[in-house]
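Participant: Below is one structure. I have some questions about it.
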Amino acid sequence: MVAVLVGLKLRLLRNALRQSAWRIVGVVLATAYGLFLVALAVVGMIALRFTGVAVGPDVVVVGLSALTLGWTLVPLLASGMDDTLDPGRFALLPLRARELLPGLVASSLVGVPGVATVLIALASVVFWATGALPAIAALIGAVLGVLTSVVLARVVTTGLGGLMGGRRFRDSAAGIVAVLASLSGVTVAMGMEAVSRTPNAADLVGSLAALAGWTPFGWAWSLPADVASGRWGSAAAKLGCAVVLVAGLLRAWEALLERRLTSPLEARGGGERVGQSGWIDRLVGTSSAGAVAGRCLRYWRRDPRYITSIAMYLILPIVLVVSMQLQRRSGDDLGAVPWEFFGPFSLAMLVGLSTCQDLAYDGTAVWTHLTTGVPGRADRLGRLIALGVVVGPLFVLLQLAAAVISGRWDLVVPSTAVGAAAGLGGAGAASWIGAILQSPAAPAGANPFRTTNGGGLQAMIATMVTVAASGILAVPVLALAWAGLDQPWAAVAAPVVGLGIGLGAVTLGTRLGGGYLDGHWPEVLTNVSEKRA
Amino acid sequence: MTDALVLEQITKNFGAKRAVDALSLTVPRGSLFGLVGPNGAGKTTTLSMATGLLRPDYGRVLVGGVDVWADPPAAKTLMGVLPDGLRLFDRLSGRELLRYVGLLRRVPPADIEARSRELLDALGLTEDADNLVVDYSSGMTKKIGLACALIHAPALLVLDEPFEAVDPLSGEVIRGILRRFVAGGGTVIFSSHVMELVEQLCDQLAVVALGRVVAAGSLDAVRAGESLQQRFLDLLGVAVPSEGVLTWLQSSSGSN
Ligand SMILES: Nc1ncnc2c1ncn2[C@@H]1O[C@H](COP(=O)(O)OP(=O)(O)OP(=O)(O)O)[C@@H](O)[C@H]1O
Ligand SMILES: [Mg+2]
């Protein structure tokens, strides 16, 4: 079964590559990046070993723990989980989860991240192999560490994804995100406090390594370090923890698999009846752009993918506000910069991202826009109106929160000016680039952390262009706002220029993007179809 | 009088595969035109190119004399479309979806209201009008798609397998709607796999296979005195599996 599944995954990846040049480019880039990281890690570890620097072991433990953490975080925050072998597809075959499990674990390692992780883990064995016992411990640690990385990532993405597709999540998403973000705010504040108390870098790495070694991400990786320095008790404890963790994770994955095998269908709407939401129709009117805006607004409320985006927008501002507040309480001097205002700014930097993904989220349903002949410009504009209705109040709320907490009401206007340039600028840029580049996205009911078979490079480029545009357009306004702190003319100019840049970007972006759509609708439809030529 | 739909030499390749091969077809105004052919014949691909969903590699499409690929907006206002295998905006309720399509088609809001009510009623969807389309069964999804194609009272209806998964009762309703639509001066082209239905409903048809038209014209001309089913089998030279093949299927109740 292991050989069958690994072979299946290889064949699926190869077929996906044949389908589109984008995927080949994507794989080449990912491979280059992976090779670069592997080379860096291997050379680094070997250098550390033979120079015998005292912090060497600490650096290795921190690095490897970060690798495992990355396996879990990156799919959640950025790339999504490769779901080439979706277990739901095996639902009709007479197979048990237990039979599939080893093969699925093995095939998770097929791919750039898996191979890179295995290579780095092997290099770590070389690093620790200064004696027989540390070498054996390093080998055990490497196997457990790799297993933890792969299986933890699977369990977290599958489990969370399953939760987030459901209605219950939708109704409590805001609360969950607020709690999680506040918790991370507390962590950040504590971390900053620790850093400010620790005098030099080596000590800092040392305490980080100690900390990482006692988190689930570092249990396996710090095992050889303990063995090498003769801390037998701690080594035994970590070995126990790591083994129990891997066993528990495997059981959890098995349970999730079992569920997927018996109910493979995507979550649907949940059988709810919807109200008439007449206020949306009154708000947006009956023009084409208004109709698109009304439809998008309903999607912001009903589609888990949009709800997830709102949650993502709010994490950073909440973390900032909470951690800053704690720092102030503990009497630390944060200097003249009221960092709270970074909250609304970070929201403004991110708002364009959902517009990049809009057409991909629609999927093949965009045929409705093709056959009704809706002007591309109305499509672009309608989506931005909906975005504004959703994000605008959040932005105002964050501005007010920042002003109240920092007490700097004088900064509201300049900060809003910068936010307008960044937010509207990003939205305008996304309207343009999102019309040009699309790749298929996982449909609404599916796990939002799923990536479809190899695509996604287009989405990544669109994201980078959008964030870059936001940042670049904000720079002149930021300069003016800064100068405005003691130059009255600049204080007046900042909001004018900020609004001007933002509105200009939106006008240009919707016009260019709309024009492009008018000429390329059929290609857009092909791009967002999972089945494509 | 211009024809409702003219396809001239349209061609589409998917990689090395030629899905539609220089296919030409004329759908006269006021006809109920059936498109039949085996799986993979290129019906969906043809209808996609006719409706502006898929760009042909070569060829021309005229709807009421307007070139679909030269002046898409003008051609699209004339057509109502029901594609096959594409999603709908399914996080809207049926009523909201109809209103959405109506607004994009620039139908006056008051008309949308009235027409939606009639369409939902006729298709038996009133009960579920406020449920999300994602929760509809496949037949209900077909029906709401059909309602979307009708909402702006088009001159030409292009329907890809409109009767698939639809129950006999709704099927009868849809047939009634199509007949009335044609009697009122409209034109319909639809694809189907049910020969009896095509025979009963259509006055014109075309048989396609391997991306080419094998036979086309009025129903009687294509049938040439046989039943359509028989004629279809003759035209395509279908081989039914002979005795001695697939015998292992008979042991499916026991071991394998
Ligand atoms: N996006 C695509 N990429 C590659 N090949 C395709 C694509 N779409 C269709 N084809 C191929 O083109 C041919 C015609 O397909 P099409 O869907 O038009 O057939 P059809 O007549 O509608 O069949 P059915 O009766 O099964 O609906 C098939 O061989 C199919 O494999
Ligand atoms: Mg078809």
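The values are calculated or read from the model by the stated rules, or taken from the named source; none is laboratory data. Keep in mind the model is a prediction, meaning the values are calculated, not measured. Because the Cβ atoms are built from the backbone with ideal geometry, glycine has one as well, and the counts that use them run over all protein chains shown. Keep in mind that these areas ignore ligands, DNA and RNA; they rest on the heavy atoms of the full protein, side chains included. Shrake-Rupley method; radii C 1.70, N 1.55, O 1.52, S 1.80 Å.
Participant: Among the helices (runs of 4 or more DSSP H) contained in the stretch A:362-451, which hold 1 or more residues that are of a type in the set (Gly, Ala, Ser) and in contact with a helix residue (DSSP H, G or I) (Cβ under 9 Å, 6 or more places away or on another chain)? Even if it seems obvious, please write down each step before you answer.
Facilitator: Numbers: elements: A:367-372, A:376-406, A:412-436.
By residue number, A:376-406, A:412-436.
Yes/no matrix, rows are residues, columns are (1) of a type outside the set (Gly, Ala, Ser); (2) open to solvent by 30 Å² or more (accessible area, probe 1.4 Å); (3) within 11 Å of chain A (Cβ to nearest Cβ):
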site	(1), (2), (3)
B:Val61	yes, no, no
B:Asp67	yes, yes, no
B:Gly80	no, no, yes
B:Pro83	yes, no, yes
B:Arg87	yes, yes, yes
B:Val101	yes, no, yes
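Participant: Taking B:Leu92 as the residue in question, decide whether it is touching a Lys or Arg at 6+ places or on another chain (Cβ under 7 Å) and under 30 Å from B:Arg117 (Cα atoms).
Facilitator: Considered against the rule, which asks whether it is touching a Lys or Arg at 6+ places or on another chain (Cβ under 7 Å) and under 30 Å from B:Arg117 (Cα atoms), B:Leu92 comes out as yes.
Participant: When you scan the stretch B:103-124, do you find a residue that is open to solvent by 50 Å² or more (accessible area, probe 1.4 Å) and within 16 Å of ligand 1 (Cβ to nearest atom), even just one?
Facilitator: no
Participant: Do you know which residues across the stretch B:15-42 are under 26 Å from A:Ala16 (Cα atoms) and within 14 Å of ligand 2 (Cβ to nearest atom)?
Facilitator: If the condition is that a residue be under 26 Å from A:Ala16 (Cα atoms) and within 14 Å of ligand 2 (Cβ to nearest atom), then B:Ala19, B:Val20, B:Asn39, B:Gly40, B:Ala41, B:Gly42 are the ones that fit.
Participant: Oh, and also: Quick check, is A:Ser196 at pLDDT below 85 and exposed (fewer than 15 other Cβ atoms within 10 Å of the Cβ)? First the steps, then the outcome.
Facilitator: Working: at pLDDT below 85: yes; exposed (fewer than 15 other Cβ atoms within 10 Å of the Cβ): yes.
It is true that A:Ser196 is at pLDDT below 85 and exposed (fewer than 15 other Cβ atoms within 10 Å of the Cβ).
Participant: Can you tell me how many residues in the stretch B:182-201 are farther than 23 Å from B:Thr46 by Cα and buried (at least 17 other Cβ atoms within 10 Å of the Cβ)?
Facilitator: The total comes to 0.
Participant: How about the stretch B:143-180: which of its residues are among the charged types (D, E, K, R) and within 16 Å of ligand 2 (Cβ to nearest atom)?
Facilitator: Result: B:Asp160, B:Glu161, B:Glu164.
Participant: Can I ask one more? Can you tell me which residue within the stretch B:5-52, out of those that are more than 10 Å from ligand 1 (Cβ to nearest atom) and charged (D, E, K, R), is most open to solvent (accessible area, probe 1.4 Å)?
Facilitator: If we take residues in the stretch B:5-52 being more than 10 Å from ligand 1 (Cβ to nearest atom) and charged (D, E, K, R), then B:Arg29 is most open to solvent (accessible area, probe 1.4 Å).
Participant: While we're here: Which of the numbered conditions does B:Phe163 fail, given that it passes all the others? Conditions: (1) modelled with pLDDT under 90; (2) crowded, with 21+ Cβ neighbours inside 10 Å; (3) more than 12 Å from every other protein chain (Cβ to nearest Cβ).
Facilitator: (1)
Participant: Of the residues that make up the stretch A:68-89, is at least one at pLDDT 85 or above, open to solvent by 40 Å² or more (accessible area, probe 1.4 Å) and aliphatic (A, V, I, L, M)?
Facilitator: Within the stretch A:68-89, one or more residues are at pLDDT 85 or above, open to solvent by 40 Å² or more (accessible area, probe 1.4 Å) and aliphatic (A, V, I, L, M).
Participant: Same structure, new question: Tell me which of these B:Ser138 doesn't satisfy, since it passes every other one: (1) at pLDDT 90 or above; (2) surrounded by fewer than 23 Cβ atoms within 10 Å (Cβ to Cβ).
Facilitator: (1)
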